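Colleague: Take a look at the following structure, please.
Please treat every number below as a calculation from the coordinates, not as lab data. Just so it is clear, the model here is predicted, and its values are computed rather than measured. Cβ: placed from backbone, ideal geometry, glycine included. Neighbour counts: every protein chain shown.
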Amino acid sequence: MNNEEFLTWAKEGRWLKISEGGNPQGRQDMYLTPAGELVGAQYNLQGELQGFIKPMPAPMMRPRGPGLDLRGGAPHP
């Protein structure tokens with residue numbers, strides 16, 4: 001799929017471009033699909049479409065140790 005085909009396809013599918021970003025290998029544009037999915041389109045330095053990525057969410061970090069005691073150590077009712 002070339003750039004023009006992709007842009008036509010994305011427009012017909014009602015994908016919303018939410019960001020454009022450059023990087024040392026080219027650029028990456030992020031799109032939001034009607035289903036709420038994030039998809040990245042990657043381009044090389046010549047501006048040719050290279051592929052797509054789907055970002056992975058960051059894992060949730062659980063706090064370590066005892067939680068924050070806002071009652072100053074008083075027993076809970």
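Colleague: At 0.36 nm per residue, minus the direct Cα-Cα distance, what do Lys11 and Met61 gain on full extension? Give it in nm, one decimal, please.
Modeller: That works out to 14.3 nm of additional length.
Colleague: Taking the mean number of other Cβ atoms within 10 Å as a proxy for protection, how do you rank 48-61, 13-26 from highest to lowest?
Modeller: 13-26, 48-61
Colleague: Another question, if that's okay. In whole Hz and in residue order, list the ³J(HN,Hα) couplings for the range 27-41 that follow from phi through the Karplus curve 6.51 cos²θ - 1.76 cosθ + 1.60, θ = phi - 60°; x for Gly and Pro.
Modeller: 8, 9, 9, 9, 10, 10, 7, x, 7, x, 8, 8, 9, x, 9
Colleague: Also, quick follow-up: With Rg and the Kirkwood Rh both taken from Cα atoms, where does Rg over Rh land for the range 3-53?
Modeller: Reported Rg/Rh, Kirkwood definition of Rh: 0.96.
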